[in-house]
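The values are calculated or read from the model by the stated rules, or taken from the named source; none is laboratory data. No experiment lies behind these values; they were computed from the predicted model shown. No Cβ is skipped: glycine too gets one built from the backbone with ideal geometry, and neighbour counts run over all protein chains shown. Just the protein is used for accessible areas: all its heavy atoms, side chains included, with ligands, DNA and RNA removed. Shrake-Rupley method; radii C 1.70, N 1.55, O 1.52, S 1.80 Å.
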Amino acid sequence: MRIAWFRDTAPDPTDPLDDTAPLIDELRSAHEIDVIVEQTAHDFVWQHILRPWDLCVFELDNTRAHQFVSAYLLNYAGVVFLRSADVATLPVVLLASRSVVVSHPVFAESLQQAFPAAQVRYAPPCSGPTRSAPHEPDGADLTGPRLTKFAVFDRREGGIVNRALQRAGNAGAVFDELKGDVEPNVLTRCDVAIAPGWPPYHGPPTAVLAALAAGKAVVTMEMEATAEWPAIDPQTWRPRGLSVKDAPIAVTIDPRDEEHSLMLAVRRLSSDTALREQLGRAGHAWWQQNATPAHAAAAWMQILQEAATLAPPPRPDDWPTEFGADGTELARAILSEFGLATDF
């Protein structure tokens, strides 16, 4: 199939936090995929008239860079890749699409129950392999002891992670902090990734999966999305669950005790090299078995084939007229005055 894939930026295979880039590469083995970004979206309408795409995929998140996508998904019913539960006009998005894809089965089930008329599908999240670490930057102190580096991926307000790091430092832990969303090559430079991913379903688990792929120790939240993972409880440093056989791949934090539990995790992981390496090895093995681009692409292949056979969903009777405007209204009116066809 020939697919138009709308997203906020062009895919960057060198960025481990761009989890869609390796997915698109994997899908290109079977489909011709053209990526549409805001700077090129204005050409989509006339290009689609001259040579129609077979299907559109709309990658949608609650960011300024994704806002342009909504105007197109409302007029070209396709597949919505829903990255967050915080998307504005979520009911409209669900009812305007041939199908909606989310990255956790519980989220898919809850959306399907809330919107029975929608076609909600699940495809597992993925991350591509992370490249080897670069050399230490010029000026780095290579003579002293190497400090454990914690990469923090957390955009919430309130400073819970910062307070936990400060408490761990006050208790004697020695470490460096890296800003995961700001500094370059963070996942190749760090030893531990802190990615709470809270609240659930308000963003994809990109940083967690990228850290697992990179073989780094991971600290994240205990929630539905991680409930089935083999994990360690930092309160006891024992595996969570009653009959756990697999090696733990992460340290998971009870959200009711986030700051204290995170402080305990930082204190232990900042000094326990063996535990960090054990978690990193187990996490990388789990990623290879569950979260590579090939795993996600296998589900996406079926979703795309199904969506191509589905008719665009019928619009409800109370559908707002502004959601049906596609920018061709004036052209159609002029053509009608001359008795020319307007079925484009």
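Key figures for this structure:
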read-out: Counted residues, the stretch 118-148 - those being at pLDDT 90 or above and either over 25 Å from the mean Cα position of the chain (by Cα) or hydrophobic (A, V, I, L, M, F, W, C) (or both); value: 6
read-out: Pairs, first under 9 Å from Ala296 (Cβ atoms) in the stretch 12-27, second hydroxyl-bearing (Ser, Thr, Tyr) and buried (at least 17 other Cβ atoms within 10 Å of the Cβ), C-beta under 8 Å, six or more apart; value: Asp19/Ser127; Asp19/Thr206; Pro22/Ser127
read-out: Sole residue being open to solvent by 70 Å² or more (accessible area, probe 1.4 Å), under 28 Å from Glu224 (Cα atoms) and at pLDDT 95 or above, chosen from Arg155, Arg163; value: Arg163
read-out: Boolean, Arg276 is closer than 18 Å to Ala195 by Cβ, modelled with pLDDT of 95 or more, open to solvent by less than 60 Å² (accessible area, probe 1.4 Å) and of a type outside the set (Phe, Trp, Tyr); value: yes
read-out: Yes/no for Ala250 being at pLDDT 95 or above and surrounded by 20 or more Cβ atoms within 10 Å (Cβ to Cβ); value: yes
read-out: In the stretch 15-36, the residues that are β-branched (Val, Ile, Thr) and under 16 Å from the mean Cα position of the chain (by Cα); value: Thr20, Ile24
read-out: Single residue of the stretch 32-43 satisfying the filter (open to solvent by 60 Å² or more (accessible area, probe 1.4 Å) and among the acidic types (Asp, Glu)) that is farthest from Leu73 (Cα to Cα); value: Glu32
read-out: In the stretch 278-289, residue farthest from Val219 (Cα to Cα) [restricted to those that are free of Cβ contacts under 8 Å to residues at least 60 places away in the same chain and not polar (S, T, N, Q)]; value: Ala285
read-out: Residue list for the stretch 30-40, restricted to those being within 24 Å of Gln302 (Cα to Cα) and without any contact (Cβ under 8 Å) to a residue 60 or more places away in the chain; value: Glu32, Ile33, Asp34, Val35, Ile36
read-out: Test: residue in the stretch 40-54 that is within 26 Å of Ala211 (Cβ to Cβ) and either assigned to a loop (DSSP other than H, G, I, E, B) or of a type in the set (Phe, Trp, Tyr) (or both); value: no
read-out: Options Ala265, Ala213, Ala217; residue that is crowded, with 22+ Cβ neighbours inside 10 Å, at pLDDT 95 or above, hydrophobic (A, V, I, L, M, F, W, C) and touching a Phe, Trp or Tyr at 6+ places or on another chain (Cβ under 6 Å); value: Ala213
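Let's see how each residue does on (1) within 18 Å of Ala21 (Cα to Cα); (2) hydroxyl-bearing (Ser, Thr, Tyr); (3) crowded, with 20+ Cβ neighbours inside 10 Å:
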residue	(1), (2), (3)
Val45	no, no, no
Pro52	no, no, no
Cys56	yes, no, yes
Leu60	yes, no, yes
Gln67	no, no, no
Leu74	no, no, yes
Val79	yes, no, yes
